[in-house]
Amino acid sequence: IEESARQETLMQSNHLYLCGGTRLNLQHPIHQLLHSVYRATLTRTRDFPLFEQVIKIVSFEEIESRHLTLQHKRGLCRFMEEALCNAGKYAEGMTRLEVSCKLQNGWTIIRVADDGIGIKVASSQRGYG
């Protein structure tokens with residue numbers, strides 16, 4: 001993902017290039033872009049074999065996005081790609097993946113959730129903050 005982001009920064013184009021090589025036109029509405037990121041990432045089963053076996057619950061509602069800049073859209077698409085990649089890499093025991101984009105109480109909600117076992121944190125570990 002870092003290399004793709006670096007290329008985009010250099011090019012400052014209206015396009016987003018995903019890790020699998022998919023090119024997205026950032027002029028499209030955000031719900032369409034996020035759905036394209038979802039489809040492109042889940043087809044990378046060689047990188048993420050867990051995706052072949054899980055139940056997928058997917059909902060992309062139409063969302064007003066004319067107030068979003070190209071940079072906003074780029075960031076939201078990168079968030080979706082990274083969240084899906086993390087689920088594909090680290091969601092040990094995952095059987096279900098939920099991905100949604102919707103309006104709720106005036107807020108746009110973008111959600112990627114799996115039912116993997118998660119990360120176990122020892123109760124003795126303490127942070128600095």
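One table, with the values for the structure above:
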item: Pair list, Cβ under 6 Å, 6 or more apart: the stretch 55-66 residue free of Cβ contacts under 8 Å to residues at least 40 places away in the same chain, other residue surrounded by 12 or more Cβ atoms within 10 Å (Cβ to Cβ) and of a type in the set (A, V, I, L, M); result: 65/30
item: Some residue of the stretch 94-106 being over 17 Å from residue 32 (Cβ atoms), among the hydroxyl-bearing types (Ser, Thr, Tyr), surrounded by 11 or more Cβ atoms within 10 Å (Cβ to Cβ) and in contact with a strand residue (DSSP E or B) (Cβ under 9 Å, 6 or more places away or on another chain); result: yes
item: Single match in 23, 39, 6, 44 (criterion: more than 22 Å from residue 109 (Cα to Cα), exposed (fewer than 12 other Cβ atoms within 10 Å of the Cβ), modelled with pLDDT of 90 or more and of a type outside the set (Phe, Trp, Tyr)); result: 23
item: Test set (1) modelled with pLDDT under 95; (2) not in a loop (DSSP other than H, G, I, E, B) - residue 16 fails condition number; result: (1)
item: All positions within the stretch 38-48 that are assigned to a helix (DSSP H, G or I) and over 14 Å from residue 97 (Cβ atoms); result: 40
item: Members of the stretch 77-121 found to be under 11 Å from the mean Cα position of the chain (by Cα) and not in a helix (DSSP H, G or I), listed by number; result: 99, 100, 101, 110, 111, 112, 113
item: Of residues in the stretch 49-76 being in a loop (DSSP other than H, G, I, E, B) and of a type in the set (Ser, Thr, Tyr), the one surrounded by the fewest Cβ atoms within 10 Å (Cβ to Cβ); result: 69
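The values are calculated or read from the model by the stated rules, or taken from the named source; none is laboratory data. It should be emphasised that the depicted structure is a prediction, and the values quoted were computed from it without experimental measurement. A quick note on method: Cβ atoms are made from the backbone with ideal geometry, for glycine too, and the neighbour counts reach across all protein chains shown.
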